[in-house]
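This report concerns only the one structure given below.
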Amino acid sequence: MPELPEVEVLVRHLAPLLMGRTIRAVRVRRAKVLAPTSVREFTRTLLGAKFSRLARRGKYLRFELRRSKQAEPLTLLGHLGMTGRMYLLPAQTRLPRHAAVVLGLGRENFVFEDTRYFGRLTLDVRALARLGPEPLEPAFTVEGFACALGRSGQPIKVKLLDQSLVAGVGNIYASEALFRAGIAPALRACKLRPVQVGRLWRAIREVLREAIACGSTVPLNYAGQGARDGLFYFGKAPGAPDFYEERLQVYDRAGRPCPQCGTLIKRRAQAGRSTYYCPRCQRK
Ligand SMILES: [Zn+2]
């Protein structure tokens with residue numbers, strides 16, 4: 001499931017391709033992904049609008065469009081859900097079976113494909129108001145982080161998935177950050193000592209930065225066949241090696257040796273999601 005780094009890499013890829021392009025046709029094949037926006041409102045609002053900006057917020061893609069130079073920009077909010085992909089395809093190329101929304105841009109189509117339809121492409125932007133600070137921006141302070149953790153009795157791994165605590169961290173990078181900080185995933189958030197809070201705050205930023213840097217150097221093929229290149233579920237260029245295989249230290253590595261101490265990595269379920277950790281390096 002794409003998290004902050006995967007969305008950031010996608011935004012950097014798409015932004016120059018979309019800037020200044022006008023939407024000339026709107027085709028909605030799965031109305032569910034627009035919810036609560038209706039197909040009619042979606043089509044009426046976007047037809048003729050021009051992409052003026054694309055940014056990431058948490059795991060969301062925030063598309064800004066203008067209907068004319070004077071008009072207020074309008075926001076289109078995208079979320080990849082579990083299996084969503086967004087890319088441009090030449091207009092004459094046959095659309096994939098799971099194309100949920102297709103925006104005609106002239107010679108190319110912007111395609112939002114989603115095999116499981118948990119993703120979103122909507123004019124409803126209320127989700128943004130519930131997001132906490134961006135982990136790589138100054139708004140994410142160690143003091144604010146400490147304060148929020150101190151008020152929570154949840155296990156720290158579960159709390160890290162709360163998008164109002166910090167935006168964009170999901171199951172993968174929560175496990176990785178806790179491993180790097182040497183903190184047991186079941187420890188209650190309010191029980192972290194100040195030194196642990198500081199280590200975790202730094203670890204979150206490091207794992208996200210490294211993942212973005214890694215994704216930025218790899219020839220990903222966003223319209224490719226859904227092959228998983230490490231964590232980048234966008235598909236990879238034909239013949240490209242699997243760049244990411246050994247990138248993660250604990251995530252999805254149950255039963256394999258910890259890269260630090262050789263103890264076997266364990267998997268446990270927390271709030272219905274898998275957590276991966278080293279029982280020796282993450283004792284407290
Ligand atoms: Zn270990």
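State yes or no: is E137 free of Cβ contacts under 8 Å to residues at least 12 places away in the same chain, within 24 Å of V7 (Cβ to Cβ) and either more than 19 Å from the chain's Cα centre (by Cα) or part of a loop (DSSP other than H, G, I, E, B) (or both)?
Considered against the rule, which asks whether it is free of Cβ contacts under 8 Å to residues at least 12 places away in the same chain, within 24 Å of V7 (Cβ to Cβ) and either more than 19 Å from the chain's Cα centre (by Cα) or part of a loop (DSSP other than H, G, I, E, B) (or both), E137 comes out as yes.
Looking at region 100-118 only, could you name the residues that are modelled with pLDDT under 95 and not polar (S, T, N, Q)?
Listed by number, the residues that qualify are E113, D114, R116, Y117, F118.
Residues are listed down the side, and each one gets a yes or a no for (1) surrounded by 24 or more Cβ atoms within 10 Å (Cβ to Cβ); (2) closer than 27 Å to R12 by Cα; (3) modelled with pLDDT of 95 or more; (4) basic (K, R):
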| residue | (1), (2), (3), (4) |
| --- | --- |
| D162 | no, yes, yes, no |
| L165 | no, yes, yes, no |
| V169 | yes, yes, yes, no |
| L178 | yes, no, yes, no |
| G182 | no, no, yes, no |
| V195 | no, no, yes, no |
| E206 | no, yes, yes, no |
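Going by the structure shown, is F42 open to solvent by less than 10 Å² (accessible area, probe 1.4 Å) and in contact with a Phe, Trp or Tyr (Cβ under 9 Å, 6 or more places away or on another chain)?
In short, no.
For residues that are outside any strand (DSSP E or B) and more than 14 Å from the ligand (Cβ to nearest atom), scanning just region 252-279, find the one that is nearest to E206 (Cα to Cα).
For region 252-279, the residue satisfying everything is D252.
Can you report the number of residues in region 72-94 which are open to solvent by 30 Å² or more (accessible area, probe 1.4 Å) and not in a strand (DSSP E or B)?
Count: 8.
Within region 105-140, track down each residue that is open to solvent by 50 Å² or more (accessible area, probe 1.4 Å), within 30 Å of R193 (Cβ to Cβ) and either polar (S, T, N, Q) or in contact with a Phe, Trp or Tyr (Cβ under 7 Å, 6 or more places away or on another chain) (or both).
Result: no residue meets the conditions.
Can you say whether G106 is part of a strand (DSSP E or B) and of a type outside the set (A, V, I, L, M, F, W, C), as far as the supplied structure shows?
It is false that G106 is part of a strand (DSSP E or B) and of a type outside the set (A, V, I, L, M, F, W, C).
The values are calculated or read from the model by the stated rules, or taken from the named source; none is laboratory data. Here the structure is a predicted model, which means the values were calculated and not measured. We place every Cβ from the backbone using ideal geometry, glycine too, and count neighbours over all the protein chains shown. Protein only, heavy atoms only, side chains kept; ligands, DNA and RNA dropped before computing areas. Shrake-Rupley method; radii C 1.70, N 1.55, O 1.52, S 1.80 Å.
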